[in-house]
Amino acid sequence: MTASARVPDAREDADPQVAAAAAVLRARRGGELSGLDRMLLHSPPVAEGWSALLGALRNRTTLSPDLTELAVLRIAVLNEAAFEWTAHEPAARRAGVSDEQLAALRTDDPAAAPVFTPVQALALRFTDASSRAVAVPDAVFAALREHLDDRQLVELAATVAGYAMVSRFLVALQVPAPGGEVGG
């Protein structure tokens with residue numbers, strides 16, 4: 001059982017469907033399952049669908065990696081999801097997110113910090129609005145439209161929504177933070 005998680009790890013040997021879903025998750029992750037995966041495996045169809053959706057959001061969008069990781073990390077802060085932060089901070093650093101930007105993400109209004117590019121600040125305003133109030137103000141959307149095409153706007157909205165789902169799942173089940181880089 002994962003330390004302090006509310007649900008024990010799913011047992012792969014308990015059911016052929018669980019074993020098959022675990023194989024799908026391992027293939028996406030390069031062989032290793034996370035605490036998140038082990039919780040999801042209690043429902044093989046959910047685990048497989050989750051893996052497909054989050055794999056697409058993380059690896060198949062046209063958003064720049066910095067925008068994706070800034071949105072994910074901001075959601076982790078807003079929803080107090082330590083697992084999500086720990087899992088994504090290394091990817092954010094590889095995407096060029098600086099120590100100053102990481103620190104700013106933990107403030108009340110990171111978009112106001114002078115450490116972000118205009119499009120990064122707008123993506124953070126979008127993330128905050130969508131996460132806190134659900135509705136994104138027209139002015140934020142219109143300003144973001146000047147930087148992103150329709151596909152990227154859809155991908156940003158789906159990334160924010162998808163990783164909000166991840167954080168809520170992790171927090172609800174109290175899945176402990178990993179050593180890094182296996183979330184979502």
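No lab work stands behind these numbers, since they all come straight from the coordinates. On a predicted model such as this, the values are computed, not experimentally measured, just so you know. Here the Cβ is made from the backbone with ideal geometry for all residues, glycine too, and neighbour counts use every protein chain on show.
Some points to look at:
- From phi via Karplus (6.51, -1.76, 1.60), per-residue ³J(HN,Hα) for the stretch 93-108 in Hz, x at Gly/Pro: 4, 4, 7, x, 6, 8, 4, 5, 5, 4, 5, 5, 4, 8, 8, 5
- Taking 0.36 nm per residue of sequence separation and removing the Cα-Cα distance, the Ala20/Ser43 pair yields an extension gain of 7.1 nm.
- Exposure proxy ranking for Asp149, Asp128, Asp9, based on other Cβ atoms within 10 angstrom of each Cβ and starting from the fewest, stands as Asp149, Asp9, Asp128.
- At the listed q of 0.11 Å⁻¹, the Debye profile of the chain, built from one uniform point per Cα, gives log10 I(q)/I(0) equal to -0.47.
- Normalised by the number of residues in the stretch 107-152, the average gap of Cα pairs under 8 Å and 6 or more apart makes the relative contact order 30 percent.
- Taking Cα atoms only, the orientation of helix 150-172 departs from the longest principal axis of the chain by about 50 degrees.
- Gained length - Leu53 relative to Arg93, 0.36 nm times residue gap less alpha-carbon distance: 12.1 nm
- The stretch 140-166 versus the stretch 1-73: alpha-carbon centroid distance in Å: 23
- Once C-alpha pairs closer than 8 Å and six or more residues apart are averaged by separation and normalised to the residue number of the chain, the relative contact order reads 32 percent.
- Dipole axis of the chain (+1 Lys, Arg; -1 Asp, Glu on Cβ), positive-most option in Val72, Leu122, Ala23: Ala23
- Between Thr107 and Val7, the FRET efficiency estimated from the beta carbon spacing at R0 = 35 angstrom works out to 0.60.
- Spacing of the modelled spin labels on Ala177 and Ala27, each 7 Å from Cα toward Cβ, amounts to 3.3 nm.
- Shape call, the stretch 44-108: gyration tensor on alpha carbons, a/c limit 1.5: oblate
- Residue with peak Gaussian network fluctuation, the chain [Cα springs, cutoff 10 Å], from Glu84, Glu69, Glu100: Glu100
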